[in-house]
1. Kindly list the number of the only condition in (1) at pLDDT 95 or above; (2) surrounded by 11 or more Cβ atoms within 10 Å (Cβ to Cβ); (3) not hydrophobic (A, V, I, L, M, F, W, C) that fails for Glu63.
2. Would you please list the contacts, defined by Cβ atoms under 9 Å and residues six or more apart or on different chains, that run from a residue in the stretch 15-33 that is under 30 Å from Arg60 (Cβ atoms) to a residue that is assigned to a helix (DSSP H, G or I) and hydroxyl-bearing (Ser, Thr, Tyr)?
3. Check off (1) within 17 Å of the chain's Cα centre (by Cα); (2) surrounded by 11 or more Cβ atoms within 10 Å (Cβ to Cβ); (3) of a type in the set (Phe, Trp, Tyr) for Phe78 and give me the number that stays unchecked.
4. Filter the stretch 1-27 down to residues that are surrounded by fewer than 10 Cβ atoms within 10 Å (Cβ to Cβ) and either among the small types (Gly, Ala, Ser) or farther than 27 Å from Phe66 by Cα (or both), then give me how many there are.
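The values are calculated or read from the model by the stated rules, or taken from the named source; none is laboratory data. Please read all numbers here as calculations on a predicted model, not as lab measurements. Virtual Cβ from ideal backbone geometry, glycine too; neighbours counted across all protein chains shown.
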Amino acid sequence: AACDAWLLQYSKRTASFNRSLAADLMLKTNPKFVLRNHLAELAIRQAKLKDFSGVETLLRLLESPFDEHPGFESYADFPPDWAGGIEISCSS
């Protein structure tokens, strides 16, 4: 019920928005590329084997996260199923 109330309020508030301008603003505000646990995990695994290409790729993407990076669309995709088992800790 709380979600329904919020959605109704959101719909009313955004009804007068220019959808094209709103979409453009969202693209400028929300980065396409963010550091995700599974991407970091893969880069760490490679780095442990002295292959730093994964770290270098992540660095390039995260240095310009709002830009398009042809060929790297998978880095902005949903995590794979195996990534659901990644456990992280702030103290690790």
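1. Glu63 satisfies all of (1) at pLDDT 95 or above; (2) surrounded by 11 or more Cβ atoms within 10 Å (Cβ to Cβ); (3) not hydrophobic (A, V, I, L, M, F, W, C) except (2).
2. The qualifying pairs are Ala22/Thr14; Lys32/Tyr75; Phe33/Tyr75.
3. (2)
4. In the first step, residues of the stretch 1-27 are kept if they are surrounded by fewer than 10 Cβ atoms within 10 Å (Cβ to Cβ); the result is 1-5, 11-13, 15-16, 18-21, 26.
Of the ones still in play, those that are also either among the small types (Gly, Ala, Ser) or farther than 27 Å from Phe66 by Cα (or both) are 1-5, 11-12, 15-16, 20.
Qualifying residue count, the stretch 1-27: 10.
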